1. Does region 100-123 hold any residues that are over 27 Å from residue 157 (Cα atoms) and either crowded, with 17+ Cβ neighbours inside 10 Å or small (Gly, Ala, Ser) (or both), and which are they?
2. Looking at region 30-53, which of its residues are part of a strand (DSSP E or B), at pLDDT 75 or above and surrounded by fewer than 18 Cβ atoms within 10 Å (Cβ to Cβ)?
3. Quick test for you: out of 112, 119, 148, pick the one residue that is under 22 Å from residue 88 (Cα atoms), at pLDDT 85 or above and touching a strand residue (DSSP E or B) at 6+ places or on another chain (Cβ under 8 Å).
4. Could you list, in sequence order, all residues of region 145-179 that are exposed (fewer than 14 other Cβ atoms within 10 Å of the Cβ), hydroxyl-bearing (Ser, Thr, Tyr) and part of a strand (DSSP E or B)?
5. Could you grab me the full set of residues in region 71-86 that are surrounded by 13 or more Cβ atoms within 10 Å (Cβ to Cβ) and not aliphatic (A, V, I, L, M)?
6. Can you report the number of residues in region 134-145 which are over 25 Å from residue 82 (Cβ atoms) and either touching a Phe, Trp or Tyr at 6+ places or on another chain (Cβ under 9 Å) or modelled with pLDDT of 90 or more (or both)?
7. Among the residues of region 121-144, how many are charged (D, E, K, R) and not in a strand (DSSP E or B)?
8. Enumerate the pairs (first residue in region 188-203 and free of Cβ contacts under 8 Å to residues at least 40 places away in the same chain; second residue anywhere and assigned to a strand (DSSP E or B) and among the basic types (Lys, Arg)) with beta-carbon separation below 7 Å, excluding pairs fewer than 6 apart on the same chain, so at least 6 apart or on different chains.
Amino acid sequence: MKNTLTALLVTILIGFAIPVLGTDDGPVRITVRVFKIPAEQNLRGETPDGRGGKIFLQASGNIISGFPDGTVFMPTDLARNASESTVGRTIGERIAFGWGYLVTGKVQVLELKSIDFTLEKGQPSAEAKFEERLGEGRASNYDVRAELVSTSRGEAVVRLRFDAGWSATGGSLGVGFSESVISVVTAIPESKLLLVGAPGDKAVYFLALCFRSKGTE
């Protein structure tokens, strides 16, 4: 399944050694919406029963191993403020989550955060950290960083990094873990969402990206 998506996914990976280029006058606003697809999903499928019929199966399983290798890019015609369900449906239509002959009937996609960065020549980079509280002293921790490389009519080139991890505290003791899930330079379209996804330790994450130039709402 990993190889079947090659023709559908546009890979726009540019090395992080690229120097910052000049930008057009005025700031640009980058919207980064963070979506989480939990590893455990409800799966269903069917298999021959050996007597000319079929056996229908349902199970709960981890879909991370079935996700395509590396980072995937999906241009869309979705508006910047497309609903959580619309973004989730678009992801589910383009990627078959599951393993073997078992696939998700409807993939569970959760929007964690929407972040607006304002980037310009004098301040080309920005960072936002947030957490998802899980109770009993546990939390999932996230870090989004964006750096403007250049802009042109209809798109902005941005160096982007997304880290995900977890932390747990009990009394005076605390432990935690964090990993880089997405680390790319990519061209972000104006007004339309670009979906960028990659697997993490306990979930698959997608960033829904678009930019607005000066003077647009």
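The values are calculated or read from the model by the stated rules, or taken from the named source; none is laboratory data. All values derive from a computational prediction rather than experimental measurement. In this analysis, Cβ positions are derived from the backbone assuming ideal geometry, glycine residues included, and neighbour counts consider all displayed protein chains.
1. 100, 102, 103, 104, 105, 107
2. Going residue by residue through region 30-53, those that are part of a strand (DSSP E or B) are 30-38, 40-48.
Now drop any that are not at pLDDT 75 or above, which leaves 30-38, 40-42.
Residues satisfying the conditions are 38, 40, 42.
3. 112
4. Listed by number, the residues that qualify are 152, 169.
5. 71, 73, 75, 76, 80, 84, 86
6. Within region 134-145, residues that are over 25 Å from residue 82 (Cβ atoms) and either touching a Phe, Trp or Tyr at 6+ places or on another chain (Cβ under 9 Å) or modelled with pLDDT of 90 or more (or both) number 4.
7. Let us first name the residues in region 121-144 that are charged (D, E, K, R), namely 121, 127, 129, 131-133, 136, 138, 143.
Narrowing further to those that are not in a strand (DSSP E or B): 121, 136.
Within region 121-144, residues that are charged (D, E, K, R) and not in a strand (DSSP E or B) number 2.
8. Listed pairs, sorted by first residue: 190/212.
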